[in-house]
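Report on the following structure.
Values in this text are rule-based calculations from the coordinates and carry no lab data. Because the structure is predicted, anything quoted here is derived from the model rather than measured. Every residue, glycine among them, receives a Cβ derived from its backbone with ideal geometry; neighbour counts consider all protein chains shown.
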């Protein structure tokens with residue numbers, strides 16, 4: 001099996017100034033994310049060795065650790081890719097779906113921001129597509145996703161672990177979350193949305209226009225629980 005690797009950023013470390021400072025980006029990407037990747041490769045190697053040796057007593061702990069580290073790696077990839085060239089708001093089919101499922105773009109920002117600010121510990125807030133209900137949903141993930149079986153397609157991730165903001169904002173998480181919206185690359189989020197919608201078996205709400213677009217789904221699906229539009233699902 002090929003080892004996991006740390007993906008390079010699409011933009012310079014200083015590209016998100018003044019909202020996220022260059023030093024935070026370097027430490028977050030080159031240290032925190034890199035360590036998750038290294039630990040994931042080490043743990044998977046140990047898991048492979050245990051399968052060969054037949055030492056079944058270690059399987060559970062190694063499998064749990066692998067799930068946690070793989071989730072952290074995946075969510076960081078999505079976080080980096082959610083940011084970049086700032087666009088003030090979503091457009092096209094994504095904008096229409098947000099209006100339908102949340103009432104407005106302002107309401108979506110309010111709900112995700114409130115979830116991020118109110119999280120008692122570190123974790124993630126996601127915007128995701130739920131094929132089972134054909135809706136956008138807001139997800140709040142406390143910690144990382146330990147052995148979570150997802151049936152959703154995450155579209156955008158906001159990291160609210162302290163290492164994502166503490167150098168610049170210290171305890172002012174609300175200010176970080178407010179400013180983070182200035183970094184979202186809605187064109188990238190829209191591409192993921194179109195790819196996720198094109199994969200669903202029935203297209204009852206968006207019509208044929210989205211299928212004509214070149215949307216790619218580069219990230220795996222997740223989440224099992226069905227949720228009404230605009231509702232938060234907490235995963236520990």
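Using a Förster distance of 22 angstrom, determine the FRET efficiency expected from the C-beta separation of residue 107 and residue 175, and round it to 0.05. It comes to 0.60. Taking label points 7 Å from Cα along the Cα-to-Cβ direction, residue 15 and residue 100 give a separation of 3.1 nm.
Quick check: from the Cα gyration tensor, does the range 85-186 come out rounded (a/c under 1.5), prolate or oblate? Because a/c hits 1.5 or more and a/b fails to exceed b/c, the range 85-186 counts as oblate.
The alpha-carbon atoms of the range 1-57 define a convex hull whose volume equals 78 cubic angstrom per residue.
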